[in-house]
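First comes the structure, then the notes that go with it.
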Amino acid sequence: MDKKQKFAIWGLIFVALMAAVTVIAHMSCIWLGEACYRAQLAPKEVVESAKNGTLFAPIATVGISFLFALCGAYALAGAGLIKRLPLTYIALWAIGVLCTLRGIVGIGFSLVYVDMVTVYSFVATIIWFTCGVITCFAIKWVPTCAQAPNKSALN
């Protein structure tokens, strides 16, 4: 295993870890309430739902958390730590591109709306940009990320 592949595998483990932390952070909002949603910059409708005790906020939170958990699972599958999941190659490309774009857009908004930037939003932007870039490189550097599993790479 060369240095690029080791870096990419550890990178995908980092992506999975960040996804898990994100799931925990999002799910904590259900128990911690409106202030937690607000602190995590949830959309106004979600904050209002939490404030009013309606089901929209917790349902949306579980849905978003599920998507992050799925990202983490695909990162672990790409790293070869769990069984390959359906459409791993496509899912990793989608994760890589979306996270990279989220980071670029977040950086752009941070430059335009400087007064709205928080430490939380800036750190999240940098982390997800990094996760996107790592995932894109991992697709090229890790055999388990290949579109069609190469049996010789798995032996």
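Of the residues 49, 121, the one with the fewest other Cβ atoms within 10 Å heads the list, and the complete ranking is 121, 49.
Among 34, 45, the ranking by other beta carbons within 10 Å of each residue's beta carbon, starting with the fewest, stands as 45, 34.
Helix screen, the chain: DSSP H segments with Cα axial length of 20 Å or more and mean Kyte-Doolittle hydropathy at least 0.0 are 3-32, 56-78, 88-112, 119-141. Report summary: the helix-based calculation at 222 nm, which adds -39500 (n - 2.57) for every DSSP H run with n ≥ 4 and divides by the residues of the chain, gives -26000 deg cm²/dmol. Using Cα springs under 10 Å in a Gaussian network model of the chain, which residue among 84, 102, 38 shows the largest mean-square fluctuation? The residue with the greatest mean-square fluctuation here is 38.
Shape class for segment 58-145, computed from the alpha carbon gyration tensor (a ≥ b ≥ c): oblate, with a/c not under 1.5 and a/b at or below b/c. The lysines whose alpha-carbon is closer than 21 Å to the alpha-carbon of residue 83, local same-chain residues fewer than 8 away aside, are 6, 140, 151. The chymotrypsin sites (Phe, Trp or Tyr not before Pro) of segment 21-130 that meet both conditions, a loop assignment by DSSP and at most 12 other Cβ atoms within 10 Å of the site Cβ, are 113.
Going by the alpha-carbon gyration tensor, a ≥ b ≥ c the square roots of its eigenvalues, is the chain rounded (a/c under 1.5) or, if a/c is not under 1.5, prolate (a/b greater than b/c) versus oblate? Since a/c reaches 1.5 and a/b is larger than b/c, the shape of the chain is classed as prolate.
The residue list 76, 27, 64 was ranked by how far each Cα lies along the charge dipole of the chain toward its positive end, using unit charges on Cβ atoms, and 76 comes out on top.
Mind jotting down the distance between the C-alpha centroids of segment 33-87 and segment 103-130, whole Å? When both Cα centres are located, 19 Å separates them. If amide H atoms are built 1.01 Å from N in the plane of the peptide, which residues on other chains or at least 5 residues away come under 5 Å of the amide H of residue 85? For residue 85, no residues qualify. Charges were assigned to the Cβ only: +1 to each Lys and Arg, -1 to each Asp and Glu. The resulting dipole of the chain about its Cα centre is roughly 620 debye. Charge tally around residue 8: other residues with Cβ under 15 Å, Lys/Arg +1 each, Asp/Glu -1 each, net +3.
All of the numbers you see were taken from the coordinates with simple rules; none came from a lab. Treat the numbers as computed from the prediction; the structure is a model and nothing was measured. Note that we place each Cβ from the backbone using ideal geometry, even for glycine, and neighbour counts take in every protein chain shown.
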